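S.K.: Take this structure, written in C-alpha cells, and hold onto it; I'll ask about it next.
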Amino acid sequence: GENVEQHPSTLSVQEGDSAVIKCTYSDSASNYFPWYKQELGKGPQLIIDIRSNVGEKKDQRIAVTLNKTAKHFSLHITETQPEDSAVYFCAAPPGGSYIPTFGRGTSLIVHP
Amino acid sequence: NAGVTQTPKFQVLKTGQSMTLQCAQDMNHEYMSWYRQDPGMGLRLIHYSVGAGITDQGEVPNGYNVSRSTTEDFPLRLLSAAPSQTSVYFCASSPDRGSYNSPLHFGNGTRLTVT
C-alpha cells in the first residue's frame, strides 16, 4: 500500500514569511496529489491539487510542486497571514485506487 | 448547497452504549467514507462505500458497522462503545467511482467522547 510521510509536524512563522510543507510517497503509480486545510472545529477542505502530468500549480499565494522521480510534493504558501494558521494534510491515492492515504498533518502557526 | 452534513456535532456515550452517527450528502456523490481523527495520527479510514448497496472496510473497521441503502446517506454505527473510540469522526464523499483524480468533500465532524 501507499505510505505518505509529511514534514514538519509543526511549523511556526512570522506573518509575511513563506511556509513550505513537504510530503513523500512510496507508490510510483500514484498520480493525484491533493492538499487539504483544516481549520479549528471544521473538516478538511481542499485548497489545491496537482496531477502527475504537471510539475507545478499556483493559485494566488499557494503553490504545489511535484517531483515524480523523487516521489515528493510540496505545498508553498507565500506572504503568510494569520488566517493561514491551520492544520494542513497531504494525500496520495495508491496507483489504481481512489482511496487516499493521508499524511499525519502539519500544524501551521502564523504569528502576527 | 449543503454539501456533506454530519449529525450530531457532539456526543457523550457511556461504555457499552450504541449509537449511530449520521452522514448525508446532496451532491449525488458515488463514493462516501468515514474517517476518525486522533491527535498525532492523522486521518484513518474506517469504512467506505463506492455506491448504494456496496461497503468495504478501511484501516480501522473494528467496532463499527456501516450500510449504504441510498446514494445520499452513509450512517456509521458504534455497536458497543469503548473509551478507545473517543475521537473526532469525519464523513467524506467524492464524485467519482473508480476515479483517481477527485478530491474528498468533508463534513464538519462529530466529536465523540466515551466515558
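The values are calculated or read from the model by the stated rules, or taken from the named source; none is laboratory data. Values in this document were obtained by computation on a predicted structure and should not be read as measured data. Heads up, the Cβs are rebuilt from the backbone with ideal geometry, glycines too, and the neighbour counts pull from every protein chain shown. All accessible areas refer to the heavy atoms of the entire protein, side chains included, with ligands and DNA or RNA removed. Shrake-Rupley method; radii C 1.70, N 1.55, O 1.52, S 1.80 Å.
S.K.: Would you check which residues across the range B:67-84 are within 13 Å of the chain's Cα centre (by Cα) and either modelled with pLDDT under 95 or closer than 18 Å to B:Gln17 by Cβ (or both) and list them?
M.R.: Once the filter is applied, which keeps residues that are within 13 Å of the chain's Cα centre (by Cα) and either modelled with pLDDT under 95 or closer than 18 Å to B:Gln17 by Cβ (or both), the range B:67-84 yields B:Pro75, B:Leu76, B:Arg77, B:Leu78.
S.K.: If you don't mind, there's one more thing I want to ask. So in the range B:1-30, with the set limited to residues that are under 15 Å from the mean Cα position of the chain (by Cα) and of a type in the set (D, E, K, R), which one is modelled with the lowest pLDDT?
M.R.: Only one residue tops the list, namely B:Glu30.
S.K.: Ok, one more. Across the range A:1-25, which residue is nearest to the other protein chains (Cβ to nearest Cβ) among those that are open to solvent by less than 50 Å² (accessible area, probe 1.4 Å) and not in a strand (DSSP E or B)?
M.R.: A:Glu2
S.K.: So, one more: Name the single residue, out of those in the range A:66-79 being open to solvent by less than 30 Å² (accessible area, probe 1.4 Å) and out of contact with any helix residue (DSSP H, G or I) (no Cβ under 7 Å at 6 or more places or on another chain), that is farthest from the other protein chains (Cβ to nearest Cβ). Give the steps one after another, and end with the answer.
M.R.: From the range A:66-79, those open to solvent by less than 30 Å² (accessible area, probe 1.4 Å) are A:66, A:73-75, A:77; that's our starting set.
Imposing the further condition that a residue be out of contact with any helix residue (DSSP H, G or I) (no Cβ under 7 Å at 6 or more places or on another chain) reduces the set to A:66, A:73-75.
Working: A:Leu66: 14, A:Phe73: 15, A:Ser74: 18, A:Leu75: 14 Å.
Ranking the candidates gives A:Ser74 first.
S.K.: Tell me yes or no: at least one residue of the range B:33-40 is touching a Ser or Thr at 6+ places or on another chain (Cβ under 9 Å), of a type in the set (D, E, K, R) and either in a loop (DSSP other than H, G, I, E, B) or touching a residue at least 40 places away in the same chain (Cβ under 8 Å) (or both).
M.R.: Looking for residues that are touching a Ser or Thr at 6+ places or on another chain (Cβ under 9 Å), of a type in the set (D, E, K, R) and either in a loop (DSSP other than H, G, I, E, B) or touching a residue at least 40 places away in the same chain (Cβ under 8 Å) (or both), one finds at least one in the range B:33-40, hence yes.
S.K.: Exactly one of (1) aliphatic (A, V, I, L, M); (2) more than 15 Å from A:Tyr88 (Cβ to Cβ); (3) in a strand (DSSP E or B) is unmet by A:Ala29. Its number?
M.R.: (3)
S.K.: Would you check which residues across the range A:80-109 are open to solvent by less than 10 Å² (accessible area, probe 1.4 Å), in a strand (DSSP E or B), more than 9 Å from chain B (Cβ to nearest Cβ) and out of contact with any Lys or Arg (no Cβ under 6 Å at 6 or more places or on another chain) and list them?
M.R.: A:Cys90, A:Ala92, A:Thr106, A:Leu108
Residue by residue, here is whether (1) modelled with pLDDT of 95 or more; (2) in contact with an Asp or Glu (Cβ under 7 Å, 6 or more places away or on another chain) holds:
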residue	(1), (2)
A:Thr10	yes, no
A:Val13	yes, no
A:Ile21	yes, no
A:Gln38	yes, no
A:Ile50	no, no
A:Lys71	no, no
A:His76	yes, no
A:Pro82	yes, yes
A:Ala92	no, yes
